[in-house]
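Scroll down for the structure; my scribbles are underneath it.
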Amino acid sequence: MTRRLFGSAILLALCSAGMAARPIEFGEGAIALTGATVIDGTGALPRRGAVIVIVKDRIAYLGDRGGVRLLPQAKVLDLTGRWVVPGFIDAHAHLPRSAAEPFLTQLVAFGVTAIRAAGESYVEQNVELRDRIEGGALIAPRIRTAGVFIDARDTGFGNPTRVGTEAEIREVVRRDAARKVDFIKLYVGLPPALVQAAIQEAHQHGLRVIGHLGQTTWTEAAELGIDSLAHSWYCGLAHSIVPPQYREEFRDFYIPNRRFNPMLFRKWREVVDPNGPEVAQLASLLCKRRVEVHPNLVLGEAVTWGDDPAVLERLEPDFAPPEDAASWRRGRHLFSSYWPPEAMAEAKRAFPVMVQVIGAFHRRGVLLTAGTDYLNPWMTPGVAFHRELELLASAGIPPLEVLRIATRNGAEALGILQDAGTIEAGKRADLVTLTADPLASISNTRKIERVFLRGQPFEPARLLPRREKAGGS
Ligand SMILES: [Zn+2]
């Protein structure tokens with residue numbers, strides 16, 4: 001006798017490998033992926049020849065071939081010589097105000113099945129998109145979205161939402177909560193007192209808080225209970241890890257910031273030690289408070305090599321909207337366009353030090369995720385995510401761990417780990433199949449054959465209209 005299990009997610013969740021001595025039978029409506037090497041996203045070693053069975057939008061089975069009996073009605077995809085990984089999760093992106101749908105579909109073509117929109121002025125659009133996508137209406141990654149960028153009244157940036165008192169920032173947080181956002185986004189000009197008020201108010205509403213900080217250090221923010229810290233190269237991290245005697249000098253060392261001095265890169269490189277006590281203490285605090293960090297190295301690299309067309313071309317701007325690609329190719333990266341040549345040269349020497357800091361964070365157990373900050377110059381949708389993975393690997397993080405960062409950790413950060421981020425029975429069937437081994441080279445995450453989104457298979461080329469045109473197919 002074999003057991004028949006179709007459909008019910010509750011029953012399916014019971015079907016994990018090892019429970020059943022007798023094979024589980026799958027037939028009509030089931031898709032079985034056989035023969036592949038499965039990397040489940042938990043950090044566990046790859047499983048050669050494992051079988052994944054998808055029923056509707058769920059993973060119904062992951063286990064040995066002997067644990068299932070596939071009836072003739074089941075669809076079998078022989079993936080011998082391929083690798084299967086969970087769908088990728090971009091922990092930091094921004095959605096365009098118009099034409100968001102083709103942008104989102106393109107992300108799916110690059111294997112991205114969930115994103116966090118990390119702050120917008122058009123919150124309602126993102127909330128509406130999030131809910132439509134959750135209902136399965138679009139070929140798009142699922143979305144979790146932050147509210148408005150909240151900044152200080154005296155900030156040097158153009159954010160429309162600026163506050164000067166604790167009462168004001170609490171009011172903004174309450175307004176965002178009423179709009180049903182998932183996260184609150186705090187920006188660079190906010191001092192610790194306002195960061196603290198915002199975190200308290202957000203947590204009272206069950207919302208997590210992301211900080212792209214400057215005036216408040218990462219150490220201060222972690223102690224105040226922040227949940228997520230964005231960017232490494234041009235924000236609060238840079239001055240949180242200089243030795244105490246240099247703190248004042250580096251107080252405004254984040255970009256874009258009117259008081260930012262690009263000539264400080266040399267000194268920053270000389271005083272920051274990735275193996276020193278400042279990095280160790282901050283890492284230990286981030287671990288203790290389970291603060292998630294998305295270092296967003298890809299944008300840092302683009303800014304730092306913002307005078308180098310080869311770095312832009314590696315990000316394949318032909319996959320960006322044509323008007324963006326044309327404007328990026330016309331000049332230098334916007335954020336470093338005013339840096340004198342000696343500052344550019346020193347920044348290039350200093351960037352690898354920040355990469356080492358991120359490597360040290362990983363070795364010390366900090367919860368890292370992968371984020372791209374799309375919509376910023378040079379951040380080609382989809383391509384930038386895979387470059388971020390290469391940069392994480394360049395920090396000395398082994399490819400298996402980079403994959404966990406790109407999948408499982410992202411799901412934890414977005415608050416969807418119960419349903420996504422790893423390949424496990426009962427979770428949503430968001431999967432990527434690869435034609436080359438991502439553990440041999442993390443760059444092989446680009447070798448995508450198929451993307452399963454909610455159990456539906458897609459070939460990337462069919463989701464990329466510009467590519468199809470160029471290829472004439
Ligand atoms: Zn951003």
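The values are calculated or read from the model by the stated rules, or taken from the named source; none is laboratory data. The model shown is predicted, which means the values in this text are computed figures rather than measured ones. Counting neighbours? That spans all protein chains shown, and the Cβs are built from the backbone with ideal geometry, glycine included.
Taking segment 60-168 and the strands (runs of 3 or more DSSP E) fully enclosed by it, the elements with 3 or more residues that are farther than 30 Å from LEU45 by Cα and within 16 Å of the ligand (Cβ to nearest atom) are at 142-152. All conditions but one from (1) under 24 Å from ALA370 (Cβ atoms); (2) assigned to a strand (DSSP E or B) apply to ASP40; the one that does not is (2).
The residues of segment 324-350 that are among the aromatic types (Phe, Trp, Tyr) and crowded, with 21+ Cβ neighbours inside 10 Å, listed by number, are TRP328, TRP339.
Condition check for THR407 on (1) closer than 20 Å to PHE452 by Cβ; (2) of a type in the set (S, T, N, Q); (3) assigned by TED's automatic domain parsing to the domain that holds LEU229; (4) not in a helix (DSSP H, G or I): one failure, at (4). Against the condition of a type outside the set (D, E, K, R) and more than 16 Å from the ligand (Cβ to nearest atom), how does GLY410 come out, does it pass? For GLY410, the condition - of a type outside the set (D, E, K, R) and more than 16 Å from the ligand (Cβ to nearest atom) - is not met. Inside segment 433-443, residues that are under 14 Å from VAL402 (Cβ atoms) and either in contact (Cβ under 8 Å) with a residue 60 or more places away in the chain or aromatic (Phe, Trp, Tyr) (or both) make up a count of 4.
CYS235 satisfies every condition listed in (1) among the hydrophobic types (A, V, I, L, M, F, W, C); (2) within 16 Å of the ligand (Cβ to nearest atom); (3) surrounded by fewer than 23 Cβ atoms within 10 Å (Cβ to Cβ) except (3). Exactly one residue out of GLU468, GLU388, GLU401, GLU412 is modelled with pLDDT under 95 and either assigned to a loop (DSSP other than H, G, I, E, B) or not hydroxyl-bearing (Ser, Thr, Tyr) (or both), and it is GLU468.
When you look at LEU77, is it outside the structural domain of GLU128 (by TED's automatic domain parsing) and either surrounded by fewer than 24 Cβ atoms within 10 Å (Cβ to Cβ) or in contact (Cβ under 8 Å) with a residue 24 or more places away in the chain (or both), yes or no? Break it down stepwise before answering.
Details: outside the structural domain of GLU128 (by TED's automatic domain parsing): yes; either surrounded by fewer than 24 Cβ atoms within 10 Å (Cβ to Cβ) or in contact (Cβ under 8 Å) with a residue 24 or more places away in the chain (or both): yes.
For LEU77, the condition - outside the structural domain of GLU128 (by TED's automatic domain parsing) and either surrounded by fewer than 24 Cβ atoms within 10 Å (Cβ to Cβ) or in contact (Cβ under 8 Å) with a residue 24 or more places away in the chain (or both) - is met.
Of all helices (runs of 4 or more DSSP H) completely enclosed by segment 289-380, which ones contain at least 1 residues that are away from the ligand (no atom under 16 Å from the Cβ), of a type in the set (A, V, I, L, M, F, W, C) and at pLDDT 95 or above?
Qualifying helices (runs of 4 or more DSSP H): 309-314, 322-330, 341-363.
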